[in-house]
Amino acid sequence: MMRTRLCCLVAVLLLTTLSASAQNIPSPKEHFGFNIGDDYQLANYTQTEAYFKKLAAVSDRLKLVDIGATEEGRSQYMLVVSSPANLKNLDKYKQISQKLAHAENLTDDQARALAAEGKVIVWIDGGLHANEVVGAHQLIEMAWQLSSRQDAETKKILDNAIILLTHANPDGQELISNWYMRESKPEKRSLQQVPRLYEKYAGHDNNRDFFMLNLKETQNMGRQLFIEWLPQIMYNHHQTGPAGTVVAGPPFRDPFNYVFDPLVMTSLDAVGAAMINRLNAENKPGYTQRAGSPYSTWYNGGLRTVTYFHNMVGLLTEIIGGPNPTTIPLVPQRLIPSSANPNPVLPQVWRFRNSIDYSVSLNYGVLQYAIRHSDELLYNFYKMGRNSIERGEKDYWTLYPKRAAEVTEMQQRNTAANAAQRPGGNAEGPRGGGGNAASSAKFFDSVYKNPELRDARGYILPSDQADFPTAARFINALIRTGVLVHKASSDFTVAGKKYPAGSFIVKNNQAFRPHVIDLFEPQDHPNDFQYPGGPPIAPYDAAGWTLAYEMGIQFDRITENFDGPFERIPYGELQSVKGKVTGAPVAAGYLLNSAANNSFTAVNDLLKAGVEVYRSADVVAGSNFSQGSFFVPASAKNKTLVEQAAGTLGIEISALAKRPAALTRINPARIALWDTYGGSMPSGWMRYIMEQFHFSAEVIYPKDIDTGNLRSKYDIILFVGGAIPSVNTGASGRGGFGGGARQEDIPAEFHKMLGRITPEKSIPELKKFLEQGGNILTIGSSTNLAYHLGVPVKNMLTEMVNGQEKNLPGEKYYIPGSILRMKVDSTQQAAWGMGSNADVYFDASPVFNILPEAQSKGNVKPLAWFPDAKPLRSGWAWGQSYLEGGITAFEAGIGNGKLIAFGPEITFRAQTHGTFKFIFNQLYTASKAK
């Protein structure tokens, strides 16, 4: 009896202690004043940060980590959540994950032992796209539930997993939530017509920055994902689901990227099944997958997709809902159960809390799968890395569509040849075009055992290339994503070619080989059509993005094993390049190479310091620098500044004994950059580029243009894609977000940002600006300005249909975002510093013909063009032969000024360093040298 009573007393005391512990954890309502998911209620980041700190102060299940500052200077936080015992051993579990991820110097048995000892690490983020408010708010709810729940499942998860709850966009949550909550009457609250981008520069494109890692927020997250923690599963929350569903999630539709380890895709299927099973078990219908949504696993640069190239199981869900109640619409075809929609949801009213509950269930489904399969996930993490190392150490052929096409073409030629040899040309024979086993083996071997078609063993980036600082930027993008890089400590020779010390070496015998290949090699997107002869199926994002091409990097692709005096750079250790001043011991001045992007940064700093800077219209005799290089006269002050620039910017500067002839003095141009209410992402990226290279630019809006008197204020106006309307429709192109906002709905402080470029008011003012000697640079759809101004050019990509000129249909011509190669006239000032060829990002971009009357009407000069019928370098270009001879960039004189038009996206997402000089060259004014 006494023993029973004692046991009961202990149980009561234990429950009381647990209850008291749970009660010490403040609920969201206690902190925010409302439950997460209540109608018409959003929390901003200031409140969220305070709540996270409060939870970390009272809970032994949480550790709050500041992972870095955002672009606006806020602290970006990650909550590390696990059991108290695990939190005391985080370094141990982090190191196990790192060892398994890199898969170096481990046997399979050692890896299995580490997998058994380690804890599965799961990343769950929220808030990346800040107007998708479910993401940040489910993160708050998860922090609360994981820190307060006492059920057996939660405790088991905490005992067996380490969860990284990561806020992906603090600045965005602050902006969006404050904008929404500014209305005192709840029913009037809206997420629409936000005045600016919800990431300082990139807006929605913050989810396209994860192989480049330009932005501070993406750098912060990249460091945690690829250097510090290396989670086995990462879960990226987004909105919104397709109409007639609640949520879209894994597994995803084809195509997937061919460089992945197959375990990535099968693991994705497995975790996706656990997620949908969790919802179905809880009677939560409406999950769609595979062909039921537009999301694929082809693209690299997203927060979710970049993880596949690092052997992680990357999850994405797109869920409906928001603080304003809504309805699930009737979409009849979604009501038919299928593998894409196995448990359809019926039309109904939908509330914010429903979305939060679904998100929590999905999180728990992922975590439950993770702890049940912990050792498998950890070991497979190692196994995929080990597979990559082994593939990089031997001859290996990635199974690209172009290789299969080559084999098919051989089979067809063989079948045709055999048919021609038969009496009467009878083509009957073995079906399938493969012929007998011997010929099939011959066809296979001629492609898949062809030494010239092997994957590379590695890449060498020579340190003597003209723009080595940009090559170092590229290398740092790799390093930030956990790639192993080596650096040559002395000169060396590979395959008969000598390379200088300081060159970078990236070998493919490493765990993240898929990422290395993806950023050096062309993407080979399959021809993807709705049906044979039908319209194309648009890729989820870009079709091709090879970063080494976009950045104009010079590298050699090595297909044999090679070695040398190579020093391993520790994981995550960023590289700086030290330049130098060489040449005459007694200098008349200093020459900066126009081929190096950082030379423009140096020039801008020199000009701001009051230094005279000149440009040479010729190649300076005795130098190997490009046309248009910069000359700085010698003085004690200038010598100090030039040496500082060489050291900090990594540029090679030549001291000249003699001042060059034909110099023109330059000054900083007064630069205006168009933007619009709501924020233009291309304009944001341009602003980022201007700041990175130390150009000063003033952001202007349509009302500023309509006011006139532009020439008295500016020397050049930059129009990125989306600014200038079409001549035919008068409608703004892509990127003009929010231009139609009603003034009465917008606070007075933002009224100056409202409006659009119009043919009636804006175009005449821009014409005056040009005629008075101003310059205008246009990119992408904003090259429409040429048509408004009557420049004698026309759209090349048209055909005559029933006597009318129409754009080429997608069945004949379709080029989504891809890398193409164009010819460049680098003798023109607009292209100084460029090579004779350039790889350019092309996204259904304008292409022109110059009309015969151009010489008499407009002084139109081509700057770049497609010289042949096969310009594709990376991606997908259906009907690319239509581009042959097409003009991609031109300069047209208008009055005393000039219009410079670039059809391709030469500043795309601040990735295309190889074409930045097309912009930079225009950003100075000139006067005759004294």
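The values are calculated or read from the model by the stated rules, or taken from the named source; none is laboratory data. The shown structure was predicted, so the numbers you read here are calculated from the model rather than taken from an experiment. Every residue, glycine among them, receives a Cβ derived from its backbone with ideal geometry; neighbour counts consider all protein chains shown.
Scanning region 371-407 for residues that are surrounded by 16 or more Cβ atoms within 10 Å (Cβ to Cβ) and of a type in the set (A, V, I, L, M), which turns out nearest to residue 876 (Cα to Cα)? The residue in question is 407.
Within region 748-761, residues that are under 19 Å from residue 720 (Cβ atoms) have Cβ atoms under 8 Å from residues that are among the acidic types (Asp, Glu) and modelled with pLDDT of 95 or more in these pairs: 753/675; 755/706; 758/706, counting only partners at least 6 apart in sequence or on another chain.
For region 467-504, filtering for residues that are surrounded by fewer than 18 Cβ atoms within 10 Å (Cβ to Cβ), free of Cβ contacts under 8 Å to residues at least 40 places away in the same chain and within 27 Å of residue 398 (Cβ to Cβ) leaves 1. Here residue 773 meets the list (1) of a type outside the set (Ser, Thr, Tyr); (2) farther than 20 Å from residue 830 by Cβ; (3) out of contact with any Leu (no Cβ under 8 Å at 6 or more places or on another chain) almost entirely, failing just condition (2). Could you list, in sequence order, the residues of region 610-631 that are in contact with a Lys or Arg (Cβ under 9 Å, 6 or more places away or on another chain) and of a type in the set (A, V, I, L, M)? The answer is 611, 613, 621. Looking across 593, 624, 604, one residue alone is exposed (fewer than 15 other Cβ atoms within 10 Å of the Cβ), under 35 Å from the mean Cα position of the chain (by Cα) and on the phi < 0 side of the Ramachandran plot. It is 624. If only residues of region 40-86 that are of a type in the set (Asp, Glu) and either surrounded by fewer than 16 Cβ atoms within 10 Å (Cβ to Cβ) or more than 34 Å from the chain's Cα centre (by Cα) (or both) are counted, the one that is farthest from residue 226 (Cα to Cα) is 60.
Of the residues screened, residue 838 is one that is modelled with pLDDT of 95 or more, among the small types (Gly, Ala, Ser) and either within 28 Å of the chain's Cα centre (by Cα) or part of a loop (DSSP other than H, G, I, E, B) (or both).
The listed residues are 445, 518, 464, and the only one of them that is without any contact (Cβ under 8 Å) to a residue 60 or more places away in the chain, out of contact with any strand residue (DSSP E or B) (no Cβ under 7 Å at 6 or more places or on another chain) and assigned to a helix (DSSP H, G or I) turns out to be 445. Looking at 669, 723, just one residue is crowded, with 21+ Cβ neighbours inside 10 Å and either of a type in the set (Lys, Arg) or touching a Phe, Trp or Tyr at 6+ places or on another chain (Cβ under 8 Å) (or both), and that residue is 723.
This table checks each residue for (1) polar (S, T, N, Q); (2) at pLDDT 95 or above.
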| residue | (1), (2) |
| --- | --- |
| 279 | no, yes |
| 294 | no, no |
| 326 | yes, yes |
| 343 | yes, yes |
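Residues that are under 24 Å from residue 163 (Cα atoms) and either in a strand (DSSP E or B) or among the hydroxyl-bearing types (Ser, Thr, Tyr) (or both) within region 253-271 comprise 266, 267, listed in sequence order. Listed by position, the strands (runs of 3 or more DSSP E) contained in region 593-698 that have at least 3 residues being in contact with a strand residue (DSSP E or B) (Cβ under 9 Å, 6 or more places away or on another chain) and modelled with pLDDT under 95 form an empty set. The condition of being surrounded by fewer than 16 Cβ atoms within 10 Å (Cβ to Cβ) and within 22 Å of residue 716 (Cβ to Cβ) holds for only one of 809, 764, 747, that being 764. In region 180-192, the qualifying residues are those that are in contact with a Lys or Arg (Cβ under 9 Å, 6 or more places away or on another chain) and crowded, with 17+ Cβ neighbours inside 10 Å, and the one that is nearest to residue 52 (Cα to Cα) is 180. A Cβ distance below 7 Å, combined with a sequence gap of six or more or placement on separate chains, defines the contacts here; from region 178-197, residues that are without any contact (Cβ under 8 Å) to a residue 40 or more places away in the chain and within 21 Å of residue 753 (Cα to Cα) reach residues that are surrounded by 18 or more Cβ atoms within 10 Å (Cβ to Cβ) and hydrophobic (A, V, I, L, M, F, W, C) in the pairs 179/194. Is one or more of the residues making up region 296-311 farther than 29 Å from residue 98 by Cα, in contact with a strand residue (DSSP E or B) (Cβ under 8 Å, 6 or more places away or on another chain) and either surrounded by 15 or more Cβ atoms within 10 Å (Cβ to Cβ) or not polar (S, T, N, Q) (or both)? No, every residue in region 296-311 fails to be farther than 29 Å from residue 98 by Cα, in contact with a strand residue (DSSP E or B) (Cβ under 8 Å, 6 or more places away or on another chain) and either surrounded by 15 or more Cβ atoms within 10 Å (Cβ to Cβ) or not polar (S, T, N, Q) (or both). Does residue 919 satisfy the criteria of being outside any strand (DSSP E or B), out of contact with any Lys or Arg (no Cβ under 6 Å at 6 or more places or on another chain) and under 11 Å from residue 830 (Cβ atoms)? Judged against the criteria, residue 919 is a match.
Determine whether region 563-585 contains at least one residue that is in contact with a Lys or Arg (Cβ under 7 Å, 6 or more places away or on another chain), buried (at least 19 other Cβ atoms within 10 Å of the Cβ) and farther than 30 Å from residue 454 by Cβ. There is no residue in region 563-585 that is in contact with a Lys or Arg (Cβ under 7 Å, 6 or more places away or on another chain), buried (at least 19 other Cβ atoms within 10 Å of the Cβ) and farther than 30 Å from residue 454 by Cβ. Somewhere in region 298-313, is a residue out of contact with any Ser or Thr (no Cβ under 8 Å at 6 or more places or on another chain) and in a strand (DSSP E or B)? Checked region 298-313: no residue is out of contact with any Ser or Thr (no Cβ under 8 Å at 6 or more places or on another chain) and in a strand (DSSP E or B).
Just one residue in the set 819, 763 is within 20 Å of residue 882 (Cβ to Cβ) and either assigned to a loop (DSSP other than H, G, I, E, B) or β-branched (Val, Ile, Thr) (or both); that residue is 819. Filter region 572-600 for residues that are among the hydroxyl-bearing types (Ser, Thr, Tyr) and out of contact with any helix residue (DSSP H, G or I) (no Cβ under 6 Å at 6 or more places or on another chain); which is nearest to residue 692 (Cα to Cα)? For region 572-600, the residue satisfying everything is 599.
With respect to being within 21 Å of the chain's Cα centre (by Cα) and not in a helix (DSSP H, G or I), residue 226 falls outside the description.
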